[in-house]
1. Limited to the range 10-43, what total is found for residues that are in contact with a Lys or Arg (Cβ under 7 Å, 6 or more places away or on another chain) and more than 15 Å from Ser128 (Cα to Cα)?
2. Pick from the range 117-134 the residues that are aliphatic (A, V, I, L, M), in contact with a strand residue (DSSP E or B) (Cβ under 9 Å, 6 or more places away or on another chain) and touching a residue at least 60 places away in the same chain (Cβ under 8 Å): which of them is nearest to Asp179 (Cα to Cα)?
3. Give me the pairs, please: first residue somewhere in the range 20-33 and of a type in the set (Val, Ile, Thr), second residue anywhere and assigned to a helix (DSSP H, G or I), beta-carbon distance under 9 Å, and either six or more positions apart or on two chains.
4. Go through the range 134-166 and give me each residue that's hydroxyl-bearing (Ser, Thr, Tyr), surrounded by 13 or more Cβ atoms within 10 Å (Cβ to Cβ) and over 24 Å from the mean Cα position of the chain (by Cα).
5. Might you check whether a residue that is out of contact with any helix residue (DSSP H, G or I) (no Cβ under 6 Å at 6 or more places or on another chain), buried (at least 18 other Cβ atoms within 10 Å of the Cβ), at pLDDT 95 or above and part of a helix (DSSP H, G or I) occurs anywhere in the range 216-232?
6. Give just the number: which of (1) within 24 Å of Lys123 (Cβ to Cβ); (2) out of contact with any Phe, Trp or Tyr (no Cβ under 9 Å at 6 or more places or on another chain); (3) assigned to a helix (DSSP H, G or I) does Gly174 not satisfy?
7. Any residue at all in the range 181-200 that's at pLDDT 80 or above, more than 22 Å from Ala124 (Cα to Cα) and part of a strand (DSSP E or B)?
8. Looking only at the range 136-152, count every residue that is more than 15 Å from Asn38 (Cα to Cα) and touching a residue at least 60 places away in the same chain (Cβ under 8 Å) and tell me the total.
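The values are calculated or read from the model by the stated rules, or taken from the named source; none is laboratory data. None of these values were measured; they are calculated from a predicted model. Reconstructed Cβ throughout: ideal geometry from the backbone, glycine too, with neighbour counts over all protein chains shown.
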Amino acid sequence: MASCVSTGTYKALQAEKQKSDSLYSWAMQTLKTSQGDNDRLVQQKADLKDSVSDMSMQLSAVNENNRTLHKEIEDLSAISSLQAESIRKSIDNIGAKDQYLQRLGTALSRRDSMNLAVLMELKAALGSFSDSLVGIKVARGVVSVTVADELLFGADSTKYTVTDKGKTVLVRLGRVLRDQPDIGCRVERYTDSVGLPADSVMDSWELGVRRAASVVRTLQNQYKVGAARLVAAGHGEYGRGTRVVLVPPTDQLSEVLEKR
């Protein structure tokens, strides 16, 4: 090769090869991590389906027992009509409880399925950012993304306008939200424990609220996410970074809980 190309060209080719090898290694590691997350979540979904199936079988068995008990009550002439009615109500209450548990399991399964879809889209869209800049996790029934201040707002601790680098995150987040139209979005900003300069006209809480609102406005105005799906919130407690919570619809789950 040395006889065919110049030394400079050869070194440039070597550098390009090393860069390609590094990108390939990173891509394979990211793929392995995503596959691991997918396997775990698929298993969780399968376990939930099994639980729903078990509850359905239990409900069928309870209904059959109810029918048998109703017939036996009718045959017990020694029991007064008032006593029989009381027993019937108790049996019906047991059946209602089992039906409630079945509806609750179905609602939870729907919520977890939507969270799985959102999580996989976020991993694909934001997986190229380092964990120190963009963190994705699932907790308490929701998927959340935490974005570092240095990426969203730059090094100046008083700024609350999203930077061009920050928009490289929000444009991908906006794409995920448009793909999942039933998912809500809550942008949370915590009070910065580092504090602001003494001559700042804002306190840390006010800065946090403005930063959360800036993220919401960017998602709405530049990336066409519906305003009705977006909420900006400022927290008085200390923390670092901006947390974007992807909230699955809770109408079905709330309806089940209200009818308990």
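1. Of the residues in the range 10-43, 1 are in contact with a Lys or Arg (Cβ under 7 Å, 6 or more places away or on another chain) and more than 15 Å from Ser128 (Cα to Cα).
2. Restricting to residues being aliphatic (A, V, I, L, M), in contact with a strand residue (DSSP E or B) (Cβ under 9 Å, 6 or more places away or on another chain) and touching a residue at least 60 places away in the same chain (Cβ under 8 Å), the top hit is Val118.
3. Thr30/Lys123; Thr33/Lys123
4. Of the range 134-166, the ones hydroxyl-bearing (Ser, Thr, Tyr) are 144, 146, 157-158, 160-161, 163.
Narrowing further to those that are surrounded by 13 or more Cβ atoms within 10 Å (Cβ to Cβ): 144, 146, 157, 160-161, 163.
Of everything in the range 134-166, those that are hydroxyl-bearing (Ser, Thr, Tyr), surrounded by 13 or more Cβ atoms within 10 Å (Cβ to Cβ) and over 24 Å from the mean Cα position of the chain (by Cα) turn out to be Ser157, Tyr160, Thr161, Thr163.
5. Within the range 216-232, one or more residues are out of contact with any helix residue (DSSP H, G or I) (no Cβ under 6 Å at 6 or more places or on another chain), buried (at least 18 other Cβ atoms within 10 Å of the Cβ), at pLDDT 95 or above and part of a helix (DSSP H, G or I).
6. If we test Gly174 against (1) within 24 Å of Lys123 (Cβ to Cβ); (2) out of contact with any Phe, Trp or Tyr (no Cβ under 9 Å at 6 or more places or on another chain); (3) assigned to a helix (DSSP H, G or I), just (2) comes out false.
7. yes
8. Filtering the range 136-152 down to residues more than 15 Å from Asn38 (Cα to Cα) leaves 139-142, 144-152.
Right, trim to touching a residue at least 60 places away in the same chain (Cβ under 8 Å) and you get 141-142, 144-149, 152.
Adding up the residues that qualify gives 9.
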